[in-house]
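The next block holds one structure in the form of structure tokens; read it before the comments.
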Amino acid sequence: MSKPLILQTDFGLADGAVSAMYGVAYSVDENLRIFDLTHDIQPYNVWDASYRLIQTVNYWKEGSVFVSVVDPGVGSARRSIAVKIKGGQYVITPDNGTLTHLKKIIGIEEAREIDETVHRLPNSGESYTFHGRDIYAYTSAKLASGLITFEEIGPKVDVISIVELPTVDPVFDQDIIHGVIDVLDIRFGSLWTNIPRELFKQLRVSFGERVEICIEHEHRIVYKNVLVYAKSFADVSTGETLLYTNSLDQMAVAINQGSFAKAYNIGTGIHWKISIRRAPKVIYE
């Protein structure tokens with residue numbers, strides 16, 4: 001029986017690019033089960049592609065095959081690779097940083113460089129701009145259908161050599177936790193940080209207590225305020241800010257039924273820094 005095939009791109013659905021990938025995959029095996037992770041990655045945003053994989057991959061069964069095509073370097077010398085992560089799932093993607101979070105958080109068990117002389121859609125050899133269709137969809141469909149094994153994809157490569165984007169580790173320093181805003185909960189505008197709940201627990205803050213949040217960008221403070229640490233959105237009023245634990249067990253900042261990112265023009269990445277500490281006590285004379 002074939003394994004699930006899951007697609008992620010920055011192509012959007014306004015034209016036929018994603019449909020073409022489906023068509024190639026079904027031409028390999030019409031019984032494949034194909035699913036969409038997302039096709040709404042911001043164009044060329046490899047960081048978001050990496051994060052959406054770590055958000056999703058571990059919840060699919062062993063043997064599931066993911067394709068991620070966010071590929072600003074298409075047609076260049078960058079490698080096309082397939083990896084097996086430690087949970088047993090596979091990911092096929094350009095080697096451009098898309099695997100950063102999987103490599104760092106879950107771990108990659110083995111990597112192969114795709115032999116493009118073998119694993120390429122027939123009669124597509126003169127095309128250099130749509131590897132998502134001609135190489136990744138085609139190769140992943142063969143893997144998911146069982147027509148080829150992982151080892152047959154191509155030569156083994158050193159996992160250490162896989163390209164990683166710059167990251168920053170969260171730290172606890174003198175009762176303040178410092179981290180970065182990794183990504184947005186796009187539809188709702190919440191800020192997802194790289195600060196794990198286990199590190200946050202060192203502040204000894206209970207639900208209902210208040211914390212001070214400070215967000216900086218390029219050494220400029222763009223937000224600083226006190227808000228409640230809540231178990232869920234229902235614990236605060238509509239329009240109220242809160243700190244909560246998101247679905248990846250990381251700390252996140254939000255406005256109940258509003259977009260924190262839009263309200264305060266907050267972005268993501270290692271240059272968007274966030275610190276959390278217990279709210280200082282205010283003494284009134």
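The values are calculated or read from the model by the stated rules, or taken from the named source; none is laboratory data. Keep in mind that what you see is a predicted model, and the values were worked out from it rather than measured. Ideal geometry is used to build each Cβ from the backbone, glycine not excepted, and the neighbour counts take in all protein chains shown. Heavy atoms of the whole protein, side chains included, go into the accessibility calculation; ligands, DNA and RNA do not. Shrake-Rupley method; radii C 1.70, N 1.55, O 1.52, S 1.80 Å.
Would you be able to tell me the number of residues in the stretch 230-285 that are under 25 Å from Gln174 (Cα atoms), among the aromatic types (Phe, Trp, Tyr) and free of Cβ contacts under 8 Å to residues at least 60 places away in the same chain?
Adding up the residues that qualify gives 1.
Please state which of the following conditions Arg52 fails to meet, knowing it meets all the rest: (1) of a type in the set (D, E, K, R); (2) part of a loop (DSSP other than H, G, I, E, B); (3) open to solvent by less than 30 Å² (accessible area, probe 1.4 Å).
(2)
Looking at (1) modelled with pLDDT under 95; (2) closer than 29 Å to Ser247 by Cα, which one does Val57 not meet, given that it meets all the others?
Condition (1) is where Val57 drops out.
If you take the residues of the stretch 227-257 that are part of a strand (DSSP E or B) and either of a type in the set (Ser, Thr, Tyr) or in contact with a Gly (Cβ under 6 Å, 6 or more places away or on another chain) (or both), which of them is farthest from Ile213 (Cα to Cα)? Show your work before the answer.
First, pick out the residues of the stretch 227-257 that are part of a strand (DSSP E or B): 227-229, 241-245, 250-255.
Next, from what is left, pick out any that are either of a type in the set (Ser, Thr, Tyr) or in contact with a Gly (Cβ under 6 Å, 6 or more places away or on another chain) (or both): 229, 241, 244-245.
Details: Tyr229: 11, Thr241: 11, Tyr244: 12, Thr245: 15 Å.
Filtering the stretch 227-257 for residues that are part of a strand (DSSP E or B) and either of a type in the set (Ser, Thr, Tyr) or in contact with a Gly (Cβ under 6 Å, 6 or more places away or on another chain) (or both), the one farthest from Ile213 (Cα to Cα) comes out as Thr245.
State all residues of the stretch 148-203 that are free of Cβ contacts under 8 Å to residues at least 60 places away in the same chain and over 23 Å from the mean Cα position of the chain (by Cα); if no residue qualifies, say none.
Ile148, Thr149, Glu151, Glu152, Pro155, Lys156, Phe172, Asp173, Gln174, Lys201, Gln202
Give me a count of the residues in the stretch 23-43 that are without any contact (Cβ under 8 Å) to a residue 40 or more places away in the chain, within 20 Å of Val74 (Cα to Cα) and part of a helix (DSSP H, G or I).
0
Residue check: is Ser68 part of a strand (DSSP E or B) and touching a residue at least 60 places away in the same chain (Cβ under 8 Å)? Talk me through it step by step, then tell me what you get.
On the way: part of a strand (DSSP E or B): yes; touching a residue at least 60 places away in the same chain (Cβ under 8 Å): yes.
Yes; evaluated as a whole, the condition is true for this residue.
Among the numbered criteria (1) assigned to a loop (DSSP other than H, G, I, E, B); (2) hydrophobic (A, V, I, L, M, F, W, C); (3) surrounded by 19 or more Cβ atoms within 10 Å (Cβ to Cβ), which single criterion is violated by Leu13?
(3)
Within the stretch 147-162, work out how many residues are open to solvent by less than 60 Å² (accessible area, probe 1.4 Å), closer than 23 Å to Ser64 by Cα and either assigned to a loop (DSSP other than H, G, I, E, B) or small (Gly, Ala, Ser) (or both). I'd like the intermediate steps shown before the answer.
Step one: list which residues in the stretch 147-162 are open to solvent by less than 60 Å² (accessible area, probe 1.4 Å), which gives 148, 150, 153-154, 157, 159, 161-162.
The next check asks that each one be closer than 23 Å to Ser64 by Cα; those that pass are 148, 150, 153-154, 157, 159, 162.
Retained after the next criterion (residues that are either assigned to a loop (DSSP other than H, G, I, E, B) or small (Gly, Ala, Ser) (or both)): 148, 154, 162.
Here the count works out to 3.
Out of all the residues in the stretch 55-65, which are open to solvent by 50 Å² or more (accessible area, probe 1.4 Å), farther than 19 Å from Asn96 by Cβ and in contact (Cβ under 8 Å) with a residue 12 or more places away in the chain? Walk me through how you get there before you give the answer.
Of all residues in the stretch 55-65, those open to solvent by 50 Å² or more (accessible area, probe 1.4 Å) come to 55, 58-62.
Next, only the ones that are farther than 19 Å from Asn96 by Cβ stay: 58-62.
Passing the criteria: Asn58, Trp60, Lys61, Glu62.
In the stretch 97-118, how many residues are assigned to a loop (DSSP other than H, G, I, E, B) and either within 17 Å of Ser140 (Cβ to Cβ) or open to solvent by 30 Å² or more (accessible area, probe 1.4 Å) (or both)? Walk me through it before giving the result.
Of the residues in the stretch 97-118, the ones assigned to a loop (DSSP other than H, G, I, E, B) are 97-99, 107, 114-118.
Narrowing further to those that are either within 17 Å of Ser140 (Cβ to Cβ) or open to solvent by 30 Å² or more (accessible area, probe 1.4 Å) (or both): 98-99, 114-118.
Of the residues in that region, 7 qualify.
Of a type in the set (A, V, I, L, M) and out of contact with any Asp or Glu (no Cβ under 7 Å at 6 or more places or on another chain): which single residue out of Ile34, Ile41 fits that description? Let's see the steps before the verdict.
Working: Ile41 fails: out of contact with any Asp or Glu (no Cβ under 7 Å at 6 or more places or on another chain).
One residue alone meets the criteria, Ile34.
Among the residues of the stretch 170-180, write down those that are modelled with pLDDT of 95 or more and either within 30 Å of Lys84 (Cβ to Cβ) or open to solvent by 20 Å² or more (accessible area, probe 1.4 Å) (or both).
Narrowing the stretch 170-180 to residues modelled with pLDDT of 95 or more: 170-172, 176-180.
Across the stretch 170-180, the qualifying residues are Pro170, Val171, Phe172, Ile176, His178, Gly179, Val180.
For Pro94, all conditions in the list (1) out of contact with any Leu (no Cβ under 8 Å at 6 or more places or on another chain); (2) buried (at least 24 other Cβ atoms within 10 Å of the Cβ); (3) within 20 Å of Arg33 (Cβ to Cβ); (4) of a type outside the set (A, V, I, L, M) hold save one; what is the number of the exception?
(3)
How many of the residues making up the stretch 204-226 are touching a residue at least 40 places away in the same chain (Cβ under 8 Å) and not charged (D, E, K, R)?
The qualifying residues number 9.
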